[in-house]
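Undergrad: Supplied in structure tokens, the structure appears directly below.
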Amino acid sequence: MKTYTINTRIDFETLDKIQTLSETLDVKKSDIVRDALTEYFKGGCDCEKDDNPKYNLLQSLGFTELIFWLYEKARNPEVSEIDELYIELIEMIKELNEQGLLKPDIQSELAMVTEELNQVLYNKDYRKGYFDFVNSFNYEVLADFMYTLRYDDDNNQVIHIK
């Protein structure tokens, strides 16, 4: 399909949103604008066709499960799930790291979680019946991380939940 170039003027607020989303998803601003226009004329978002692995990862059930599990452990730190879940959580954290989605503060918190999950899985003498990380995990850092995924510096929503 042949493509064409157009020039247009936009306000600073819109430009800032495009820039923030571009940085978050690690794609060109022109890709953001082109995709938005294409989706607009299609009549909505067809999210299955999204090819950005970072965006797909943040929209995945595995990511949701990780966040839910972390908050659930604050309420109930008992080691009570099957090993397969712990393996999936470790893989999700690894993938978030590989995609460059984690800033150092949340990366450090999740490294602590990964370490303990590995202990629970592979060191049978370690099993205490509960997770220790919940006593030192900084849930404020997790909340800030989630907030930065959803909003820009001006409190405008940049990632829409499906």
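The values are calculated or read from the model by the stated rules, or taken from the named source; none is laboratory data. Model, not experiment: these values are computed from the prediction. In this analysis, Cβ positions are derived from the backbone assuming ideal geometry, glycine residues included, and neighbour counts consider all displayed protein chains.
Undergrad: Against the conditions (1) surrounded by 12 or more Cβ atoms within 10 Å (Cβ to Cβ); (2) free of Cβ contacts under 8 Å to residues at least 12 places away in the same chain, where does residue 145 fall short? Just the number, please.
TA: So residue 145 meets the others, but not (2).
Undergrad: State which residue pairs qualify: first residue without any contact (Cβ under 8 Å) to a residue 24 or more places away in the chain and inside region 54-78, second residue surrounded by 14 or more Cβ atoms within 10 Å (Cβ to Cβ) in any location, beta carbons under 7 Å apart, and separation of 6 or more residues or different chains.
TA: 56/50; 69/89
Undergrad: Would you mention how many residues in region 1-29 are surrounded by fewer than 11 Cβ atoms within 10 Å (Cβ to Cβ) and modelled with pLDDT under 80?
TA: 1
Undergrad: If a residue has to be among the acidic types (Asp, Glu) and within 30 Å of residue 17 (Cβ to Cβ) to count, how many in region 116-150 make the cut?
TA: Here is the first cut: in region 116-150, the ones among the acidic types (Asp, Glu) are 116, 125, 132, 140, 144.
If we keep only those that are within 30 Å of residue 17 (Cβ to Cβ) as well, we get 140, 144.
Result for region 116-150: 2.
Undergrad: Can you tell me which of 130, 151, 86, 126 is under 27 Å from residue 26 (Cβ atoms), of a type in the set (Ser, Thr, Tyr) and surrounded by 13 or more Cβ atoms within 10 Å (Cβ to Cβ)? Before you say what the answer is, go through the steps one by one.
TA: Numbers: 130 fails: under 27 Å from residue 26 (Cβ atoms); 86 fails: under 27 Å from residue 26 (Cβ atoms); 126 fails: under 27 Å from residue 26 (Cβ atoms).
Exactly one residue qualifies, and that residue is 151.
Undergrad: I've got another one for you. Go through region 1-32 and count every residue that is closer than 18 Å to residue 54 by Cβ and not polar (S, T, N, Q). Don't jump to the end; show me each part of the working.
TA: Kept after step one, since they are closer than 18 Å to residue 54 by Cβ, are these residues of region 1-32: 17-32.
With not polar (S, T, N, Q) added as a condition, the list becomes 17-18, 21, 23, 25-29, 31-32.
Total meeting the criteria: 11.
Undergrad: So, in region 30-62, of the ones that are part of a loop (DSSP other than H, G, I, E, B) and closer than 26 Å to residue 95 by Cβ, which residue ends up modelled with the highest pLDDT?
TA: Taking region 30-62 first, the residues part of a loop (DSSP other than H, G, I, E, B) are 43-46, 50-52, 59-60.
If we keep only those that are closer than 26 Å to residue 95 by Cβ too, we end up with 45-46, 50-52, 59-60.
Numbers: 45: 46, 46: 43, 50: 53, 51: 65, 52: 72, 59: 83, 60: 89.
Selected residue: 60.
Undergrad: Output the helices (runs of 4 or more DSSP H) that fall wholly within region 69-162 and possess 3 or more residues being among the hydroxyl-bearing types (Ser, Thr, Tyr) and either under 24 Å from residue 57 (Cα atoms) or not assigned by TED's automatic domain parsing to the domain that holds residue 26 (or both), or say none.
TA: Working: elements: 83-98, 104-122, 139-150.
Fully inside region 69-162 and qualifying: 104-122, 139-150.
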